[in-house]
1. When you check GLU15 against the structure, is it open to solvent by 80 Å² or more (accessible area, probe 1.4 Å), of a type in the set (D, E, K, R) and touching a residue at least 60 places away in the same chain (Cβ under 8 Å), yes or no?
2. How many residues, within the stretch 24-51, are modelled with pLDDT under 80, open to solvent by 50 Å² or more (accessible area, probe 1.4 Å) and either of a type in the set (Phe, Trp, Tyr) or more than 17 Å from the chain's Cα centre (by Cα) (or both)?
3. Against the definition (open to solvent by less than 80 Å² (accessible area, probe 1.4 Å), among the basic types (Lys, Arg) and at pLDDT 90 or above), how does LYS104 come out, yes or no?
4. Within the stretch 52-64, does at least one residue satisfy the condition of being within 13 Å of SER105 (Cα to Cα), out of contact with any Asp or Glu (no Cβ under 7 Å at 6 or more places or on another chain), surrounded by fewer than 13 Cβ atoms within 10 Å (Cβ to Cβ) and not β-branched (Val, Ile, Thr)?
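The values are calculated or read from the model by the stated rules, or taken from the named source; none is laboratory data. These figures come from a predicted structure and were not determined experimentally. With ideal geometry, Cβ positions are generated from the backbone for all residues, glycine too; neighbour counts draw on all protein chains shown. Quick note on the areas: whole protein, heavy atoms, side chains included, nothing else; ligands and nucleic acids left out. Shrake-Rupley method; radii C 1.70, N 1.55, O 1.52, S 1.80 Å.
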Amino acid sequence: GSGDGHGRILQRFPEKDWEDNPFPQGIELFCQPNGWQLFPEKNPPTFFVAVLTDINSERHYCACFTFWEAVENPQPQSHPRNGGGGEEEEAVSPVEAPQLFAPKSLVLVSRLDHAEVFR
């Protein structure tokens, strides 16, 4: 496909919203502003801190650490055995698909501005 995917939240703590501090909606979009994509090489980890402002003008300081994990390709590739372009159906053998890497992010959201502590 195009290589663009959608992020999803695998775990969150606390599991339920606190009345005075709801979970920021769309945080998975914030973690990968260029979109969730698979890459053929393992990229170095990244870290950044940004400020999200909610509808009530409350600031949320978000520390985002992203690292890369290998993913398994569920569809093996295949190639012709003889390499020819004849009309008869050629036998195909599976070829190991290239290794792909997906980003995984850990995000710490706080109302306190302590970027160095987050790091």
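1. Spelling it out, it is not the case that GLU15 is open to solvent by 80 Å² or more (accessible area, probe 1.4 Å), of a type in the set (D, E, K, R) and touching a residue at least 60 places away in the same chain (Cβ under 8 Å).
2. Qualifying residue count, the stretch 24-51: 0.
3. So LYS104 fits the description; yes.
4. Checked the stretch 52-64: no residue is within 13 Å of SER105 (Cα to Cα), out of contact with any Asp or Glu (no Cβ under 7 Å at 6 or more places or on another chain), surrounded by fewer than 13 Cβ atoms within 10 Å (Cβ to Cβ) and not β-branched (Val, Ile, Thr).
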